[in-house]
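*Asks:* My structure is below; once you've seen it, I'll send some questions.
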Amino acid sequence: MQGFFLGILGVIVGAVITIIAFELRIRYDRQKEEKHRQLEHKVKEIEILVLLNKKIIEILEKRIIMMDKYVSFDAFDDCYITVDDYVYLQSFAAQNSFYLPNHFLEEFFKKIATRKVVLSPEEVVAIGGYTFKGGRVIMEQFSDQLTEMVYERKVQIQKMTDTPLSYFSKTL
């Protein structure tokens, strides 16, 4: 009889150990999956920020080429943005709003909109875009801020990858 109880006790202890190990493994797998999703999200943020920065740099490069075609008050500081590029920036920001910092973009569009030179519709059609007085500086600052944000995201990714997962911790 004593052997029977010891056998039952062994089975119960084995079951408890198995349940605990199974729960720890499930918790570890959840942490691993969560960490993987967060890393994917950060990588997607970086990709979006880099694409936006490339477009801003492209607009700044076009500025030099198109300088003689648009109305300029101070050729050094003014910025010319074609209608297509302006619409692209707005639609890109709207489409990727989940990955982009919304307040940051709103501030950029507010700053650039206050610098827009008022032209007649005929002049806008003739030059194919908008002129922004002092817009070059804003565009360059925006590009610099995007570069800083990319660097910050890379540092965050590095910290996330350096943090080991644990069977006993509940947070990442």
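*Asks:* If Lys and Arg each add +1 and Asp and Glu each add -1, what is the summed charge of the other residues whose beta carbon sits under 12 Å from the beta carbon of E33?
*Replies:* Every neighbour counted, the sum reads +2.
*Asks:* Which net charge results for the neighbourhood of I19, defined as the other residues with beta-carbon distances under 13 angstrom from its beta-carbon, given Lys and Arg at +1 and Asp and Glu at -1?
*Replies:* +1
*Asks:* To continue, here is another question. What does the charge count near F109 come to, summing +1 for each Lys or Arg and -1 for each Asp or Glu among other residues with Cβ under 15 Å from its Cβ?
*Replies:* Value of the local net charge: +2.
*Asks:* Can you tell me the order of 133-143, 34-44 when each peptide is scored by its average per-residue count of other Cβ atoms within 10 angstrom, highest first?
*Replies:* Going by the mean number of other Cβ atoms within 10 Å, highest first, we get 133-143, 34-44.
*Asks:* Taking 0.36 nm per residue of separation and subtracting the Cα-Cα distance, what length does fully extending R30 through K159 add?
*Replies:* Difference between extended and current length: 44.5 nm.
*Asks:* Find how much the distance from K55 to K116 grows on full extension, using 0.36 nm per residue of separation minus their present alpha carbon separation; answer in nm with one decimal.
*Replies:* Once the chain is fully extended between K55 and K116, it gains 20.1 nm.
*Asks:* Cross-link candidates for K44: which lysines have Cα within less than 29 Å, leaving aside residues fewer than 8 places away along the same chain?
*Replies:* K32, K35, K54, K55, K62, K110, K111, K154, K159, K170
FYI, it's all coordinate maths here, none of it is from the lab. Just so it is clear, the structure is predicted and the values come from calculations on it, not from any experiment. When we count neighbours, we look across all protein chains shown, and the Cβ atoms used for this are built from the backbone with ideal geometry, even at glycine.
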